[in-house]
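What follows draws every value from the coordinates through simple rules; no lab data is involved. Only a predicted model underlies this, so the values are computations on that prediction, with no experimental measurement involved. A quick note on method: Cβ atoms are made from the backbone with ideal geometry, for glycine too, and the neighbour counts reach across all protein chains shown.
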């Protein structure tokens with residue numbers, strides 16, 4: 001890889017990180033479903049899923065981890081870091097794996113990522129709170145996450161299909 005290609009890739013990954021960070025910060029102030037805690041549309045995950053398809057697992061994981069770290073430093077606390085980190089790592093891992101199977105479209109990959117994200121967060125909640133009752137909320141949050149994963153997957157698919165026009 002030539003130096004100019006490495007600079008272009010680094011620049012694009014930096015832009016992806018900033019976009020994910022700005023969208024993630026904005027989402028903190030926009031309730032998706034008022035009255036249901038912990039449920040967000042996950043628009044910044046469009047950027048992460050697109051990074052999986054444009055650059056690969058390692059790069060998308062870097063963008064996701066930077067987003068979590070920077071959002072935590074700016075707006076969060078230790079517990080928000082634990083939940084976000086666990087959810088992001090598991091989501092990027094499954095998306096990186098499923099992307100390689102032709103039977104999964106970006107929409108399906110996004111839905112699986114969303115499923116794994118909330119599942120990891122529920123497991124963290126259980127381990128921290130030591131209460132099995134936390135799982136009574138799991139069906140609600142899982143249902144919402146699959147729907148939001150579907151929506152963000154559609155948007156990401158539209159971007160991924162236009163990769164050549166975007167010259168990434």
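Place the peptides 146-158, 2-14 in order of packing, highest mean first, counting for every residue the other Cβ atoms within 10 Å and averaging per peptide. List each step's numbers first, then the result.
On the way: 146-158: 19.1, 2-14: 11.4.
The most tightly packed comes first, giving 146-158, 2-14.
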* **Isotropic mean projected area of the C-alpha convex hull, the chain (nm²)** => 10.2 nm²
* **Percent RCO, i.e. relative contact order, over the stretch 1-145, from Cα pairs under 8 Å lying at least 6 residues apart** => 20 percent
* On a 0 to 90° scale, report how tilted helix 106-129 is relative to the longest principal axis of the chain, with both axes built from alpha carbons and the result rounded to the nearest 10. => 40 degrees
* Structure fact -> Note to self, the chain gives a 222 nm [θ] from helices alone (DSSP H runs n ≥ 4, -39500 (n - 2.57) apiece, / all residues, nearest 500) of -26000 deg cm²/dmol
* Subtracting the Cα-Cα distance from 0.36 nm times the residue separation, let me have the gained length for residue 150 to residue 79 in nm, one decimal. => 22.8 nm
* So, in Å, what gap is there between the alpha-carbon centers of the stretch 90-108 and the stretch 1-55? -> 17 Å
